[in-house]
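To start, the structure under review is shown below, and the notes come after it.
Just so it is clear, none of the values below were taken in a lab; they were calculated from the coordinates. All of these numbers come straight from a predicted model, not from anything done at the bench. For neighbour counting, all protein chains shown are included, and Cβ atoms are generated from backbone atoms with ideal geometry for every residue, glycine included.
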């Protein structure tokens, strides 16, 4: 739901038994972000979609398994907010859905499923970086060591066909072979 934070806060407080929520704050909300986060505990929430990283500072989700983020702006804001949420909630998160820009993936080793949607033709660099990052080399540090499935999606002009030019299939196949 796209609404000001005070509406979300009221609804979330009343509906603590939610299992799925989409929290989208309008860019022109004059009261966002609120100066002092008061935590809302959502004990049964399994899936969350958030439009802003600061949303994660206002909630605790001990059963969260999946989060979808619309990554715009500073990747470090999302990494900090998601790390804080996971630490505060001690949740069993397994699935991460990103709107492009998978740069901070290495910070979350618990990921079993990864979903990335590329929304622009310049996503080639991001996808190829993701494939290179996920390729396992003979090093002790491995990104997303528990990753078992990955979904890539594109929003594109059906007549343009650019998604097929975006993926460097040699890098993609090398990543698959390495895992």
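You can think of it this way: the chain between residue 1 and residue 128 has 42.4 nm of extra reach, that is 0.36 nm per residue less the Cα-Cα gap.
When each of 172, 44 is scored by the number of other beta-carbon atoms lying within 10 Å, the sequence from fewest to most is 44, 172. Multiplying the residue separation of residue 112 and residue 170 by 0.36 nm and removing their Cα-Cα distance gives an extension gain of 18.6 nm.
As a rough guide to protection, the peptides 127-135, 51-59 ranked by mean Cβ packing within 10 Å, highest first, stand as 51-59, 127-135. For the peptides 15-23, 78-86, the ranking by mean Cβ contacts within 10 Å, running from highest to lowest, is 78-86, 15-23.
In µm²/s, what is D for region 14-88 at 25 °C and 0.890 mPa s, where D = kT/(6 pi eta Rh) by Stokes-Einstein and Rh is the Kirkwood radius from Cα pairs?
Working: Rh = 12.7 Å.
Result for D is 193 µm²/s.
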